[in-house]
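Enquirer: Take a look at this one; I'll ask things after.
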Amino acid sequence: MSQTPIERIRNFSIVAHIDHGKSTLSDRLIQLTGGLTVREMREQVLDNMEIEQERGITIKAQTVRLTYKAKDGLDYVLNLMDTPGHVDFAYEVSRSLAACEGSILVVDASQGVEAQTLANVYQAIDNNHEIVPVLNKIDLPAAEPERVREQIEDVIGIDASDAVLCSAKSGIGIEDVLEAIVTRLPPPKGDPDAPLKAMLVDAWYDPYLGVILLVRVFDGHLRAGQRVTFMQNGSTHLVDRVGVFLPKNTPVDQLGPGEVGFITAQIKEVAHAAVGDTITDEKRPTAAPLKGFKEVQSVVFCGLFPVDAADFEDLRAAIGRLRLNDASFTYEMESSAALGFGFRCGFLGLLHLEIIQERLSREFNLDLIATAPSVVYKIAMRDGSEIDLHNPADLPDVMQILEISEPWIKATILTPDEYLGGVIKLCQDRRGSQVELSYVAAAPWWSMSCP
Ligand SMILES: Nc1nc2c(ncn2[C@@H]2O[C@H](COP(=O)(O)OP(=O)(O)OP(=O)(O)O)[C@@H](O)[C@H]2O)c(=O)[nH]1
Ligand SMILES: [Mg+2]
């Protein structure tokens with residue numbers, strides 16, 4: 001496969017609220033550019049995990065390379081990243097955004113702007129992305145593209161006058177989406193002669209190939225046979241395979257500036273593959289590493305213990321491999337008098353907890369006991385020290401405690417007019433306190449914050 005000139009590469013994420021049709025749009029883009037045959041195609045083909053298909057949600061971001069002959073007669077290489085919409089998997093979105101120059105913002109034309117539309121688009125703006133709004137599901141009788149277009153302008157504040165109208169389900173307007181990607185999103189920048197600088201975006205364990213790393217090259221080239229250094233932990237590895245997903249994994253000679261693909265490098269220690277790390281050439285390293293990703297903060301915690309204490313080592317190996325694939329969950333060893341040895345795990349939310357638990361039992365065949373989900377309390381002691389309390393059993397003697405504090409969130413709630421009363425009541429019932437109430441001009445939306 002010959003190298004595409006950098007000005008004909010486009011790297012973009014597809015972001016949206018849950019169920020607005022990101023994965024279905026990805027299907028159509030793959031189909032129209034001929035990535036898969038009719039026989040290989042199925043609905044939401046990028047959702048390749050069993051749980052994703054059963055639940056109809058995306059959990060992992062997925063990357064594919066498409067080749068598109070645009071109306072200007074030139075061939076373009078498009079690296080598409082389909083992201084999850086549910087807030088519990090927001091870390092997947094943030095990493096994908098860091099590897100791209102542009103975003104396709106999908107908005108369901110029958111639903112309009114929703115919570116994750118806003119959260120994701122703000123993240124894309126923070127990453128200096130060019131954003132192309134796409135109004136999806138225009139085949140539905142309830143679709144109101146004009147109202148939603150106005151809403152995008154009023155609520156998000158980006159120009160939606162040339163938003164692309166499409167239906168990912170019935171295939172209307174897909175070519176317009178592809179043309180918008182080529183003409184409105186910027187190509188990547190990068191220096192082919194500079195030392196290698198690549199970002200480790202994602203990693204997972206493959207039973208045949210070992211640890212697979214998804215990388216985005218910024219400068220220089222990545223080739224099989226090259227010795228590379230992972231700058232964060234200083235380990236060096238020999239690259240033995242370089243390839244791209246079409247969406248089937250396909251070997252290529254090299255990955256150049258602006259390209260997204262995968263490598264394998266005989267990585268034995270899962271801890272060596274930390275997402276966000278910068279990969280460089282061992283002999284000719286780049287001067288400074290890339291910025292990396294923000295650390296995630298777990299908000300819900302629970303203990304996971306094997307039903308049979310003899311399975312503890314299996315659980316340890318399984319958690320290590322799963323953590324490689326999902327850097328947003330944290331774990332540390334814990335022992336309990338009743339349940340024996342296990343792990344205390346931190347998650348981004350209750351759905352995240354449920355999915356990790358299910359993946360451990362399905363993918364690694366483990367029977368687990370999970371303790372009730374809880375949050376971390378901070379305890380200020382009379383002697384001036386402060387303790388993070390993870391487990392009620394560890395509560396110190398109350399006589400020594402000065403103060404116990406629980407975590408609070410500051411939330412902004414956007415709601416249509418008619419639900420305002422109900423939403424305020426729900427917040428008050430859950431001890432929320434209102435900070436501010438404002439009306440977003442022209443659209444019937446209210447915004448309210450509560451700590
Ligand atoms: N009528 C209609 N339905 C659509 C269209 N696009 C997607 N859908 C349906 O909307 C549902 C959600 O589609 P997905 O593509 O899984 O949505 P998603 O944005 O990837 O969802 P998450 O990844 O879980 O955030 C599916 O039932 C699709 O068939 C469309 O253009 N028209
Ligand atoms: Mg999806």
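The values are calculated or read from the model by the stated rules, or taken from the named source; none is laboratory data. Since this is a predicted model, take the numbers as computed values, not measurements. Counting neighbours? That spans all protein chains shown, and the Cβs are built from the backbone with ideal geometry, glycine included. Surface areas here come from the heavy atoms of the whole protein model, side chains and all, with no ligands, DNA or RNA. Shrake-Rupley method; radii C 1.70, N 1.55, O 1.52, S 1.80 Å.
Enquirer: Kindly provide the helix-only [θ] at 222 nm of the chain, computed as the sum of -39,500 (n - 2.57) over DSSP H runs of four or more divided by all residues, to the nearest 500 deg cm²/dmol?
Expert: -6000 deg cm²/dmol
Enquirer: Continuing with the same structure: How many nm separate the modelled label positions at Q297 and E406, each set 7 Å beyond the Cα in the direction of the Cβ?
Expert: Distance between the two pseudo-spin positions: 1.8 nm.
Enquirer: Give the residue list of trypsin sites (Lys or Arg not before Pro) in segment 333-387 that are DSSP loop and have at most 15 other beta-carbon atoms within 10 angstrom.
Expert: Hits after loop and neighbour filter: R382.
Enquirer: Under 16 Å from the Cα of K137, which lysines turn up, not counting those fewer than eight places away in the same chain?
Expert: Straight-line reach from K137, under 16 Å: K22, K169.
Enquirer: Same structure, new question: In the neighborhood of I369, defined by Cβ-to-Cβ distances under 12 Å, what is the net charge if each Lys or Arg adds +1 and each Asp or Glu adds -1?
Expert: In short, -3.
Enquirer: Give, as a single signed number, the net charge of other residues whose beta carbon lies under 15 Å from the beta carbon of S170, with Lys and Arg counted +1 and Asp and Glu -1.
Expert: On the way: positive: R28, K137, K169; negative: D27, E43, D108, D139, E175, D176.
Counting the neighbours of S170, the net charge comes to -3.
Enquirer: Now a separate question. Rank T371, T83, T183 by accessible area, highest first, at a 1.4 Å probe radius? Could you put the intermediate results ahead of the total?
Expert: Numbers: T371 45, T83 0, T183 95 Å².
The ordering from most to least exposed comes out as T183, T371, T83.
Enquirer: Please compute the length gained on full extension between E282 and T183, using 0.36 nm multiplied by the number of residues separating them and subtracting their Cα-Cα distance.
Expert: Details: separation 99, 0.36 × 99 = 35.64 nm, distance 3.74 nm.
Gain on extension, E282 to T183, equals 31.9 nm.
Enquirer: Accessible area of H390, 1.4 Å probe, to the nearest 10 Å²?
Expert: About 60 Å², rounded to the nearest 10.
Enquirer: Right, next: How large is the direction-averaged shadow of the alpha-carbon convex hull of segment 300-370, in nm²?
Expert: Spelled out: convex hull of the Cα atoms, projected over all directions, averaged, 4.1 nm².
Enquirer: By what distance, in whole Å, do the Cα atoms of the chain stretch along each of the three principal axes, largest value first?
Expert: Here the spans come out as 77, 58, 44 Å, largest first.
Enquirer: At 0.36 nm per residue, minus the direct Cα-Cα distance, what do E363 and L395 gain on full extension? Give it in nm, one decimal, please. Working shown, then result.
Expert: Numbers: separation 32, 0.36 × 32 = 11.52 nm, distance 3.55 nm.
The span from E363 to L395 would gain 8.0 nm if fully extended.
Enquirer: List the residues of segment 323-355 whose backbone N lies under 14 Å from a point placed 7 Å from the Cα of A271 along the Cα-to-Cβ direction.
Expert: It comes to 324, 331-333, nothing else.
Enquirer: If N is the number of residues in segment 329-451, what value comes out of its Cα radius of gyration divided by 2.2 N^0.38 Å?
Expert: With N residues counted in segment 329-451, Rg over 2.2 N^0.38 Å equals 1.46.
Enquirer: Here's a follow-up. In segment 169-225, which chymotrypsin sites (Phe, Trp or Tyr not before Pro) are in a loop and have at most 16 other Cβ atoms within 10 Å, using DSSP for the loop call?
Expert: Filter output for segment 169-225: Y208.
Enquirer: Next question. On a straight-distance basis, which lysines could pair with K425 in a cross-link, Cα separation under 24 angstrom, same-chain partners fewer than 8 positions away excluded?
Expert: Once the sequence-local lysines are set aside, what remains near K425 is K410.
Enquirer: Using a simple spin-label model with points 7 Å from Cα along the Cα→Cβ vector, what separation in nm is obtained for E354 and T67?
Expert: 4.3
Enquirer: Given the convex hull over the Cα atoms of segment 161-292, what projected area results after averaging over all orientations, in nm²?
Expert: Mean orientational projected area (segment 161-292, Cα hull): 10.2 nm².
Enquirer: So which GluC sites (Glu not before Pro) in segment 1-82 pass both tests, a DSSP loop state and at most 12 other Cβ atoms within 10 Å of the Cβ?
Expert: E40, E43
Enquirer: Then there is this: Once the other residues with Cβ under 13 Å from the Cβ of L97 are scored (Lys, Arg +1; Asp, Glu -1), what is the net sum?
Expert: -2
Enquirer: So, R0 is 35 Å and r is the distance between the beta-carbons of D417 and E54; what FRET efficiency does that work out to, to 0.05?
Expert: 0.45
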